[in-house]
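J.: Take this structure first; my questions come after.
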Amino acid sequence: MTTIAQLLEVKGHDVWSVGPESSVSATIELMAKKEVGALIVMDGAKPVGVISERDCLRKVFLPGRTASETRVKDVMTRRVIYAPPDHTVDACMALMTNKRIRHLPVLEDGRVVGVVSIGDLVKATIDEQQHTIDQLVNYITG
């Protein structure tokens, strides 16, 4: 079973974040520049929320707010659901499915050490299954 720590060793530990006082327009620009769908909202070193493209669409644009005047703290998801690095990919996939989230911060000793997306977990699962298939084929064909 692959752990999130192992997945992050391959994927990398980059964490893109914004502060709660950042404008939504600057946040969207950073998401586009870094090609990510969500950012961790940090108050210093402490994660205080997550803001996603979906949050921006549903809580800013649909209600007719202005992205340059709306602050991240007003539209972010405040409840930070996270996983420790020793959780398995399967456990994190189940957590994300149950909580209906697409991005999962990885915290170790209260510090954000990475972020995984549902796509990262699907890719890791497929890679693990392919490895198992290859081993079985080699065993059968000798």
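The values are calculated or read from the model by the stated rules, or taken from the named source; none is laboratory data. Keep in mind that this is a model prediction, so the values were computed, not measured. FYI the Cβ positions are ideal-geometry reconstructions off the backbone, even for glycines, and counts take in every protein chain you see.
J.: Condition first: part of a strand (DSSP E or B) and under 22 Å from residue 55 (Cα atoms). Now tell me which residues in segment 108-124 satisfy that.
T.: Those that are part of a strand (DSSP E or B) and under 22 Å from residue 55 (Cα atoms): 112, 114, 115, 116, 117.
J.: Under 7 Å between Cβ atoms, which residue pairs at least 6 apart in sequence (or on different chains) link something in segment 45-74 that is under 30 Å from residue 111 (Cβ atoms) and among the polar types (S, T, N, Q) with a partner that is part of a helix (DSSP H, G or I) and modelled with pLDDT of 90 or more?
T.: 70/24; 70/60
J.: If only one of 41, 89, 24 is of a type outside the set (D, E, K, R) and within 17 Å of residue 119 (Cβ to Cβ), which one is it?
T.: Answer to the check: 89.
J.: Out of all the residues in segment 9-58, which are farther than 21 Å from residue 100 by Cβ, touching a Leu at 6+ places or on another chain (Cβ under 8 Å) and not in a loop (DSSP other than H, G, I, E, B)?
T.: 17, 18, 27, 30
This table checks each residue for (1) acidic (Asp, Glu); (2) more than 22 Å from residue 1 (Cβ to Cβ); (3) within 14 Å of the chain's Cα centre (by Cα); (4) surrounded by fewer than 17 Cβ atoms within 10 Å (Cβ to Cβ).
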| position | (1), (2), (3), (4) |
| --- | --- |
| 45 | no, yes, no, yes |
| 67 | no, yes, no, yes |
| 87 | no, no, no, no |
| 93 | no, no, yes, no |
| 98 | no, no, no, yes |
| 122 | no, no, yes, yes |
| 129 | no, no, no, yes |
| 136 | no, no, no, yes |
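J.: Another question, if that's okay. Of the conditions (1) touching a residue at least 24 places away in the same chain (Cβ under 8 Å); (2) under 30 Å from residue 129 (Cβ atoms), residue 6 satisfies every one except a single condition; which number is it?
T.: Every listed condition holds for residue 6 apart from (1).
J.: Hey, another quick one. Taking segment 80-100 as the region of interest, how many residues are in contact with a strand residue (DSSP E or B) (Cβ under 8 Å, 6 or more places away or on another chain) and assigned to a loop (DSSP other than H, G, I, E, B)?
T.: Residues meeting the conditions: 7.
J.: Answer yes if at least one residue in segment 67-77 is in contact with a strand residue (DSSP E or B) (Cβ under 6 Å, 6 or more places away or on another chain) and under 30 Å from residue 128 (Cα atoms), and no otherwise.
T.: no
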